[in-house]
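The values are calculated or read from the model by the stated rules, or taken from the named source; none is laboratory data. The structure presented is a predicted model; accordingly, all values stated were derived computationally and were not measured. In this analysis, Cβ positions are derived from the backbone assuming ideal geometry, glycine residues included, and neighbour counts consider all displayed protein chains. Each accessible area value is taken on the protein alone, full model and side chains, heavy atoms only, with ligands, DNA and RNA left out. Shrake-Rupley method; radii C 1.70, N 1.55, O 1.52, S 1.80 Å.
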Amino acid sequence: YAQGDYYVPMATTEAALVASYSRGAKLISRAGGCTAALLSESISRAPAFAFHNLRDCGQFINWAVSDLDQFKRLVASTTRHGQLVDMQLTVEGNHVYLNFEYTTGDAAGQNIVTIATQAIFEYIQSHAPVKPCFAVLEANHSGDKKASARSFSTVRGKKVTAEVVIPARLVESTLRTTPARLVEYWRMAAIGGVMSGTLGIQGHYANALAAIYIACGQDAACVAESAVGITRFELTENGDLYTAVTLPNLMVGSVGGGTGLPSQQTCLEIMGLSGPGHARALAEVCAAVCLAGELSIAGALCAGSFASAHHKLARARPSLD
């Protein structure tokens, strides 16, 4: 969906961030650009219902599955852009979680799925053959505003991957290190991530996404779920550097929410990604920027310039004397 070159606006108070991403983007451009692809998309809302016992849960589940088409009709009555595409069931004791999966067009979609699920929720309360003892519209099972193993292994928002092959000579001239050293760093960092229990293996997706989200009118709190994924460095057969990033939870939209605010709309227009028809390209651009950032930060760590770069680019601080 994303084609050509993009000038990417970033809103941040981190002094070294723009310079680092600019360096990574320059490296990718000198290598001929990267390839990005949107793999899948959906967004969920997960109401939950409590019953007296498992028997009541079973009866409720059988009814809910049989009424899926009615749920879809209810959703269609609340939105022109959203569609209910799936419903997943999870039973825990006498609790039933219904995870409704939606597509939301060019909107990030949190409000769309909340309003649509509210319509289903009210219908269930009125028509279910077994009345729940207690029910809530969202029971913390959708992954909204938080990193979760469930969305990491599937998708929440837009799942995107991006890759690039950087010739060894460009790695050496731009990052002041070698492809072999970057791969060695990646192996060590991957083990470090496993030992610390992180979801995925990556350096700092949050830096790019927070800056782009604020600049372009996205929900900044969604960085909590969007900034997970996998970065991979490998040596090619001829000694060049293959780098890939995969982000399964990009929550972005080109319409709705804060995208219509004057400054944020202008930032989207700078990229040519404002308005309908551009959300998927925006997600791919976000992945490409994360790719640039992973190359730059890993290069700084391998070249021993990570601390000195932050010191050099840090904003002047007022004297306390």
Seminar exercise, completed: Taking the stretch 170-213 and keeping only residues that are small (Gly, Ala, Ser) and in contact with a Cys (Cβ under 6 Å, 6 or more places away or on another chain), one is left with Ala208
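Residue by residue through the stretch 297-316, note down the ones that are assigned to a loop (DSSP other than H, G, I, E, B) and either within 29 Å of the chain's Cα centre (by Cα) or not charged (D, E, K, R) (or both). It would help to see each step written out before you state the result.
Residues of the stretch 297-316 that are assigned to a loop (DSSP other than H, G, I, E, B), as a first pass: 304-305, 314-316.
Selection gives Gly304, Ser305, Ala314, Ala316.
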Problem set entry | In the stretch 211-223, the residues that are open to solvent by less than 50 Å² (accessible area, probe 1.4 Å) and either in contact (Cβ under 8 Å) with a residue 40 or more places away in the chain or not in a helix (DSSP H, G or I) (or both) | Ala211, Ile212, Ala215, Cys216, Gly217, Gln218, Cys222
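Take Pro179 and tell me if it is under 11 Å from the mean Cα position of the chain (by Cα) and open to solvent by less than 20 Å² (accessible area, probe 1.4 Å).
Values: under 11 Å from the mean Cα position of the chain (by Cα): no; open to solvent by less than 20 Å² (accessible area, probe 1.4 Å): yes.
Spelling it out, it is not the case that Pro179 is under 11 Å from the mean Cα position of the chain (by Cα) and open to solvent by less than 20 Å² (accessible area, probe 1.4 Å).
In the stretch 69-113, which residues are assigned to a strand (DSSP E or B) and either within 17 Å of Pro276 (Cβ to Cβ) or not hydrophobic (A, V, I, L, M, F, W, C) (or both)?
Looking only at the stretch 69-113, we keep the residues that are assigned to a strand (DSSP E or B), and these are 83-92, 95-103, 107.
Result: Gln83, Asp86, Gln88, Thr90, Glu92, His95, Tyr97, Asn99, Glu101, Tyr102, Thr103, Ala107.
Inspect the stretch 265-277 for any residue being of a type in the set (Ser, Thr, Tyr), assigned to a loop (DSSP other than H, G, I, E, B) and either without any contact (Cβ under 8 Å) to a residue 40 or more places away in the chain or open to solvent by less than 10 Å² (accessible area, probe 1.4 Å) (or both) and give the result as yes or no. Give the derivation first.
So the first thing to find is which residues in the stretch 265-277 are of a type in the set (Ser, Thr, Tyr), and the list is 266, 274.
From the residues that got through so far, the ones that are assigned to a loop (DSSP other than H, G, I, E, B) too are 274.
Add one more test, that the residue is either without any contact (Cβ under 8 Å) to a residue 40 or more places away in the chain or open to solvent by less than 10 Å² (accessible area, probe 1.4 Å) (or both), and what stays is 274.
Yes, because at least one residue in the stretch 265-277 is of a type in the set (Ser, Thr, Tyr), assigned to a loop (DSSP other than H, G, I, E, B) and either without any contact (Cβ under 8 Å) to a residue 40 or more places away in the chain or open to solvent by less than 10 Å² (accessible area, probe 1.4 Å) (or both).
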For this session: Look through the stretch 108-128, keep the residues that are out of contact with any Ser or Thr (no Cβ under 7 Å at 6 or more places or on another chain), modelled with pLDDT of 95 or more and closer than 30 Å to Cys216 by Cβ, and return whichever of them is least open to solvent (accessible area, probe 1.4 Å).
Result: Thr117
For this session: Please determine, by comparing only the residues of the stretch 4-22 that are in a loop (DSSP other than H, G, I, E, B) and open to solvent by less than 40 Å² (accessible area, probe 1.4 Å), which one is nearest to Ser305 (Cα to Cα).
Result: Ala16
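Name the single residue that is modelled with the highest pLDDT among those in the stretch 141-160 being β-branched (Val, Ile, Thr) and within 30 Å of Ser29 (Cβ to Cβ). Working first, answer last.
We begin by selecting, within the stretch 141-160, every residue β-branched (Val, Ile, Thr); these are 154-155, 160.
Now drop any that are not within 30 Å of Ser29 (Cβ to Cβ), which leaves 155, 160.
Numbers: Val155: 92, Val160: 98.
Among those residues, the one meeting the criterion is Val160.
Would you confirm whether or not the stretch 242-253 contains a residue that is assigned to a helix (DSSP H, G or I), farther than 15 Å from Lys158 by Cα and small (Gly, Ala, Ser)? Even if it seems obvious, please write down each step before you answer.
Just the residues of the stretch 242-253 that are assigned to a helix (DSSP H, G or I), to begin with: none.
No, the conditions are met nowhere in the stretch 242-253.
If you check Ser44, Ser40, which single one turns out to be surrounded by 14 or more Cβ atoms within 10 Å (Cβ to Cβ), in contact with a strand residue (DSSP E or B) (Cβ under 8 Å, 6 or more places away or on another chain) and in contact (Cβ under 8 Å) with a residue 60 or more places away in the chain?
Working: Ser40 fails: surrounded by 14 or more Cβ atoms within 10 Å (Cβ to Cβ).
From the options Ser44, Ser40, the qualifying one is Ser44.
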Exercise. Which condition does Thr174 not pass, out of (1) in contact with a helix residue (DSSP H, G or I) (Cβ under 8 Å, 6 or more places away or on another chain); (2) open to solvent by less than 10 Å² (accessible area, probe 1.4 Å); (3) touching a residue at least 40 places away in the same chain (Cβ under 8 Å), if it passes all the others?
Worked result: (2)
Exercise. Within the bounds of the stretch 129-136, is there any residue that is surrounded by 17 or more Cβ atoms within 10 Å (Cβ to Cβ), of a type in the set (Phe, Trp, Tyr) and in contact (Cβ under 8 Å) with a residue 12 or more places away in the chain?
Worked result: no
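Do we find that Ala149 is of a type outside the set (Asp, Glu), open to solvent by less than 30 Å² (accessible area, probe 1.4 Å) and either closer than 29 Å to Val245 by Cβ or under 23 Å from the mean Cα position of the chain (by Cα) (or both) in this structure? Steps first, answer last, please.
Details: of a type outside the set (Asp, Glu): yes; open to solvent by less than 30 Å² (accessible area, probe 1.4 Å): no; either closer than 29 Å to Val245 by Cβ or under 23 Å from the mean Cα position of the chain (by Cα) (or both): yes.
In short, no.
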Problem set entry | Unique match (being closer than 30 Å to Thr117 by Cα and either in a strand (DSSP E or B) or at pLDDT 95 or above (or both)) among Glu163, Glu138, Glu172, Glu184 | Glu138
Exercise. Where residues in the stretch 47-86 are in contact with a His (Cβ under 9 Å, 6 or more places away or on another chain) and of a type in the set (A, V, I, L, M), which of them is surrounded by the fewest Cβ atoms within 10 Å (Cβ to Cβ)?
Worked result: Ala50
